[in-house]
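See below for the structure under consideration.
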Amino acid sequence: MGSDYATLRVYRSLSVRRSQRWRWKLTHANGRKLATSGEGYANRSEARAVAERVISGEFWSEKNAGSASS
């Protein structure tokens, strides 16, 4: 079997119309995108921190905590 790993890439978007923002992309070893930031962040560390929270599942746990008790 092939290797099962993903690569996190944090990069600065190249946009002429909007200010350049930091984004992230998580790509599987087979080249398929697993997740993207969907929005830009003011600095690299903020983009990376959000990506790591999504990867760890922390972001989704916080987001859905209120709906589980409803």
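Numbers below:
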item	result
Check on Ser67, open to solvent by 70 Å² or more (accessible area, probe 1.4 Å) and either at pLDDT below 95 or among the charged types (D, E, K, R) (or both)	yes
Close pairs (8 angstrom Cβ cut-off, 6 or more residues apart or separate chains): without any contact (Cβ under 8 Å) to a residue 24 or more places away in the chain in the range 31-58, among the polar types (S, T, N, Q) and exposed (fewer than 13 other Cβ atoms within 10 Å of the Cβ) anywhere	none
Those residues of the range 1-60 which are open to solvent by 70 Å² or more (accessible area, probe 1.4 Å), of a type in the set (Ser, Thr, Tyr) and part of a strand (DSSP E or B), in sequence order	Thr7, Thr36
Qualifying residue in the range 38-49 (condition: basic (Lys, Arg) and at pLDDT 90 or above)	yes
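The values are calculated or read from the model by the stated rules, or taken from the named source; none is laboratory data. In this text the structure is predicted, and so the values were computed from the model without any measurement. Here the Cβ is made from the backbone with ideal geometry for all residues, glycine too, and neighbour counts use every protein chain on show. Surface areas here come from the heavy atoms of the whole protein model, side chains and all, with no ligands, DNA or RNA. Shrake-Rupley method; radii C 1.70, N 1.55, O 1.52, S 1.80 Å.
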